[in-house]
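Below: the structure, in structure tokens.
The values are calculated or read from the model by the stated rules, or taken from the named source; none is laboratory data. Since this is a predicted model, take the numbers as computed values, not measurements. Here the Cβ positions follow ideal geometry from the backbone for every residue, glycine too, while neighbour counts run over all protein chains shown. These area figures cover heavy atoms from the full protein model, side chains too; ligands, DNA and RNA do not enter into them. Shrake-Rupley method; radii C 1.70, N 1.55, O 1.52, S 1.80 Å.
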Amino acid sequence: MMDFSYSADQMSLMELSRDFALNEVQPYAAEWDATGTNPRKVLDHAVSIGLGTISLAPEYGGGGAGLIEEVIVAEEVAYACAGFASSLTLTSLPASAVALAGNRDQKAEYLSRIGSGSYASFGMTEPAAGSNVAGITTRAVLDGDSYILNGSKTWITNAPMADFFVVFAKTTLDAGRKGISAFIVEASSAGLSVGPPLPKLGQKASVSSEVFFENVRVPVENRLGDEGQGYSIAMRAFTHSRPIIAAMAVGLIRRCLDESHQYASERLSMGVPISHHQAIGSKLAEMSWKASAGRLLTHKAAWLADQGTPSVLSAGHAKLFTADAAVESASEAVQVHGGMGYSREYPVEKLYRDAKLYQIYEGSSEIQRIVISRSISTPTDPS
């Protein structure tokens, strides 16, 4: 059965993550947001103390921990800044793809580079194919001992600083998702170019760009798995990464609660703090139970993965609930602050903008509902 208590090592990790987040991230988050700064030096420091490679196997330079430890880090860092947390944690997505489908040589080369501080990006989304993965049009055509890659990707997190990409492309045009294959592509490859950072609503400390492939030659040995296995590789990687996204959303909900509680305790109305009024107290209560429920769903999904039984259904539950709850909580946090919530003098307007992305990336909330509906078994599993 699942144990809800943290081990001594997990408690130490939580304290390390929280201390780093509160001292090195939170004080600068508003500035990064206002200027659209991707704080590379702070990211590098987080990686150097193990926060970005906590679950990577020790032989590749990681901490050898599990997904539970990854979600602990994600929650604490996202409390301070959602964008920073995205940049820090999302290398785990391409790393998962390599760990799941890579051969011994690929793991030794590319996971070791991540363990040494390199960043990697996950190249799936395209301008005309976001949630519709089967609709990607990037092509990979076999030419001797290499594939020739042509196409483009968009909204690729960490693309400007990526050392390599895990890219998904069609090797068989008329086979739908079964025609998708996965490739490890060096950022230095001739014909590969990265566009400027894309302007966006929130999470501005995380940089996302377009990536273009013009006759990029990729050695056959850089293909992950067999031809046609790309979709399966991506979905398995998403099952690993969605609890991490959910944990970041929980961190944001906690921040909404703390900021709202502090403001409501200080702001007076009719001679008493507004937190004493039922309308405001109810909003605080909702943020509290959403944070707790979201953490339980997130930790269940992570725990199942650590037991060797990753669950698409549990990962979907966690991602869907926490994403929607984060947006709802951020909206209510602005409401609790009233007119001041609409001002940049308080952090809740940033939380409001940051939260929306959780409903969009790594599978939108609409897609999560489809994933869940297709994953429901009968009778339901009481575990």
Give me the Kirkwood hydrodynamic radius of region 308-359 in Å, from all C-alpha pairs, to one decimal place?
-> 12.0 Å
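How large is the charge dipole for region 71-173, taken about the Cα centre, if only the Cβ atoms of Lys, Arg (+1) and Asp, Glu (-1) carry charge, to the nearest 20 debye?
On the way: 6 positive and 8 negative charges, 33 e Å.
Result for region 71-173 is approximately 160 debye, rounded to the nearest 20.
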Out of every Cα pair in region 42-163, what percent are spaced more than 17 Å from each other?
-> 62 percent
Cα point-scatterer Debye curve for region 281-333, base-10 log of I(q)/I(0) at q = 0.22 Å⁻¹ | -0.74
Would you please give the residues with an amide H less than 5 Å from that of THR125, counting only those at least 5 places away or on a separate chain, with H modeled from the backbone geometry?
-> THR154
In whole Å, largest first, what are the principal axis extents of the Cα atoms in region 160-228?
-> 36, 26, 19
Measure off, as a whole percent, the carbon and sulfur share of the 1.4 Å-probe accessible area of the chain, all protein chains present.
-> 53 percent
Of all trypsin sites (Lys or Arg not before Pro) in region 272-361, the ones in DSSP coil with at most 14 other Cβ atoms within 10 Å are ARG344
P(r) of region 1-85 over all Cα-Cα pairs, 5 Å bins starting at 0, rounded to whole percent, reads 3, 15, 25, 23, 16, 10, 6, 2, 1, 0
Across the alpha-carbon set of region 207-246, Rg over Rh with Rh taken as the Kirkwood radius works out to 1.07
Kirkwood Rh in Å, taken over the chain so that all alpha-carbon pairs contribute | 21.3 Å
Integer Hz, Karplus 6.51/-1.76/1.60 couplings in order for region 233-242, x for Gly and Pro = 4, 4, 5, 5, 5, 5, 5, 6, 7, 5
Could you tell me the distance between the Cα centroids of region 62-85 and region 257-322, to the nearest Å?
-> 17 Å
Sorting ILE376, ILE68 on solvent-accessible surface, 1.4 Å probe, most exposed first, gives ILE376, ILE68
Cross-link partners among lysines for LYS178, C-alpha distance below 22 Å, same-chain residues fewer than 8 apart left out?
-> LYS153, LYS170
Using mean Cβ contacts within 10 Å as the protection proxy, how do 229-242, 207-220 order, highest first?
-> 229-242, 207-220
What accessible area per residue comes out for the chain, rounded to a whole number of Å², with a 1.4 Å probe?
-> 44 Å²
Put one equal scatterer on each alpha carbon of region 216-364, apply the Debye formula with no solvent term, and list log10 I(q)/I(0) at q = 0.10 1/Å to two decimals.
-> -0.45
Part-to-part distance (alpha-carbon centres) for region 12-38 and region 140-214, which is given in Å | 29 Å
If you line up the long axis of helix 278-306 against the longest principal axis of the chain, both from Cα atoms, how many degrees apart are they, to the nearest 10?
-> 30 degrees
Peptide ranges 128-136, 160-168 listed from the most packed, as the mean C-beta count within 10 angstrom indicates = 160-168, 128-136
Which Cα, out of VAL312, PRO127, LEU22, lies furthest along the positive dipole direction of the chain (beta carbon charges, K/R +1, D/E -1)?
-> PRO127
For region 189-248, with +1 on Lys and Arg beta carbons and -1 on Asp and Glu, the positive-most of GLY225, LEU192, SER241 along the dipole | SER241
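Hey, what number do you get for the chain at 222 nm if only DSSP H runs of n ≥ 4 count, each worth -39500 (n - 2.57), divided across all residues, to the nearest 500?
Estimated from H runs of four or more residues: -15500 deg cm²/dmol.
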Which value, in debye to the nearest 20, gives the size of the charge dipole of the chain about its Cα centre, when Lys and Arg are +1 and Asp and Glu are -1 at the Cβ?
-> 720 debye
